[in-house]
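Data block below; observations after.
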Amino acid sequence: MRSLRDSFLGQLVLGAIVVAIIVAFAIGGMQGGGTTFGSECAARVGSSCIDPKEYTAAYGLVVSVGLNDRAVQQLDLKRQVARGLIEREVLLREAKALGISASEKAVDEDLLSGRARVSLPAEGRERLAMSLALCLDDERTCAPGTIGLRALPVLQNGVFDYARYERVVRRTTGRSPNHFKEMQIREATAERVRELITEPVRVSEEEAFLSLERTQSKAVARVLTIHREWFQRYVRFPSEADIKSFVSTHEKEVEEATKAASARYQPGCPVVQEFALKTGGTESDEAVEKKLRSLLPRLKDASTRETLIRKESEADSAALGGRLGCLDARYGAGSEELLTAAGKLEKPGELTDVVRTPRGFHVLWLEDRVTAENAQALARAFVSYELTSRALGTEEARKFADAVIAAVSPETTLEAATEKVLGTVLSSGRLGSVALALTDESRPKTDVTAPFSIEDSPVEGVSGTESPAQLVFDMKEPGEITKTPVQLKDGLALLQLKEKEPYTREKFEKERDEILPILRRRKADQVLADYVAELIEKAGGATYDDRYAPSASATTKPDNAG
């Protein structure tokens, strides 16, 4: 193509091609548009409407790389395409206000070379472009100015083929060539505004170093995870005095929880305790059932039932001594079989026979059956027990964490301190030293994290705004441990610094020339994202209708009307 352009004859040939394209585009006039005011809108921003045909064309360009419907869903592409067009619309308004437009000649040159543009959302657009091959790959990033570029196979033996171009455009976008060119002029105009917004953005060396120091400095920590539920099950369970004390100081919480639970407590609903053994492990189903049947005499004895449930049951309800409250379909898999069995129980205190469900083998003990008269009291009793158990479990978990912190020393590792305190807790608990407690997946245990930055989290399920990573990076020496536990949604965690590798000035000097342009583009993308978000807000917000997104695997049909 370049050699053809460089020759005088080549310039004449290319000129003829451009004229032919312009003539073809002119047929039917400039009647198509990305913005309409009809009732059919793929998206709206303020009072403006994105034409469904424009949306279909943009969607076709995005998925033409060969994506299936699952990939489209995972990348949320239907919404992403709509967002890109919404942003393009507000950028075109800016272009009109500033008197900016794209050069038709430049658009023609792009199309002659098989280059088309499609708008991507400013937020994370480089990452999305790279995953969709919508830019020129420049090793780890998109080459400058190429985000949103889609290559079209319009060359035949290295020369532009108009018939091929027309087929590709109609098949990919469902639009005629003249309407597609209009779309590309809008895309090029919006891109000029993006360049105008991002061009002034700069990243100083100090800013770059501080950013990299934050993201590239790494730490490794030892983590002790302490699940509240383990303490509820094996260490501390509510007495009548505990429940009475908790309710007296948490009356509002109990009332709100009772109100929320009351809807389940409908007349006839069985209130039960459960014992269960799971199937699918190393033992045969017959062996599991035989084991459960051997426990039936002890389960019938009210004085030993709850202790046995806490020691041996493999159901989640074991943390509450097997209490399920009102049994209904919300139990999930196995609820139908269990409800059938519970329906045969007539009096409180009766046990079902062994019940087989998809989860394993179960036995239920009937506490009561809901009536209109007792529904509120039964709901309140279960809620009070559950909330008290949770509070006591949290209290014991915190005591455990404090004891481990005190036990850690230069001579005693976090793991050794954990095992030492664990032995003390089990020996003083009401269940004693139980093998099941030590093998339970929720038992307090230590682990070593993968390397993480200050922007990552070394533990999952953090509750609150405290940054566990920040706590670790604030530590000076390996072996240092958090002074107070980190609050998790289901318990607590302790963190101990194992090693730390800071990002150094020396490393920055080696990477500076390569990394500065990348950081500048990332900062520019964020500036752009903030800018268009403000424009959309000023326009009155935006909405999107996904009915107009075709299946990724569907063939886009040509639209003769444009």
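Place the peptides 342-349, 117-124 in order of packing, highest mean first, counting for every residue the other Cβ atoms within 10 Å and averaging per peptide.
117-124, 342-349
Restricting to DSSP loop positions (anything but H, G, I, E, B) with no more than 10 other Cβ atoms inside 10 Å of their own Cβ, which trypsin sites (Lys or Arg not before Pro) remain in the stretch 439-500?
Lys476, Lys483, Lys489
Once the Cα gyration tensor of the stretch 231-389 is diagonalised, what are the square roots of 5 times its eigenvalues, in whole Å and ordered largest first, as equivalent ellipsoid semi-axes?
Those come to 27, 18, 14 Å.
Bin width 10 Å, origin at 0, all Cα-Cα pairs of the stretch 285-346: what percent of pairs per bin?
Once binned at 10 Å, the Cα pair distances of the stretch 285-346 give 19, 46, 35, 0.
Work out, step by step, the length gained on full extension between Glu395 and Ala529: first 0.36 nm times the residue separation, then minus their alpha carbon distance; give nm to one decimal.
Using 0.36 nm per residue and subtracting the Cα-Cα distance, I get 43.7 nm.
Report the gain in length on full extension from Thr465 to Thr543: 0.36 nm times residue separation, minus Cα-Cα distance, nm rounded to one decimal.
24.9 nm
Expected output is a single nm value to one decimal: the length gained when fully extending between Leu296 and Glu506, i.e. 0.36 nm times separation in residues minus the C-alpha distance. What is it?
68.6 nm
When the helix-only estimate is applied to the chain (DSSP H runs of n ≥ 4, each -39,500 (n - 2.57), divided by the residue count), what is the mean residue ellipticity at 222 nm, nearest 500 deg cm²/dmol?
-16000 deg cm²/dmol
Taking 56 Å as R0, compute the FRET efficiency from the Cβ-Cβ separation of Asp285 and Thr215 and round it to 0.05.
About 0.60, to the nearest 0.05.
How much FRET efficiency would the formula 1/(1 + (r/R0)^6) give for Arg164 and Asp137, where r is the Cβ-Cβ distance and R0 is 30 Å, rounded to 0.05?
0.75
Would you kindly give the portion of the calculated P(r) for the chain that falls above 46 Å, as a percent of all Cα pairs?
44 percent
Under a crude label model (7 Å from the Cα following the beta-carbon direction), how far is Glu514 from Glu477 in nanometres?
My value for the distance between the label points is 3.7 nm.
None of the figures in this text is laboratory data; all of them are computed from the coordinates on show. In this text the structure is predicted, and so the values were computed from the model without any measurement. For neighbour counting, all protein chains shown are included, and Cβ atoms are generated from backbone atoms with ideal geometry for every residue, glycine included.
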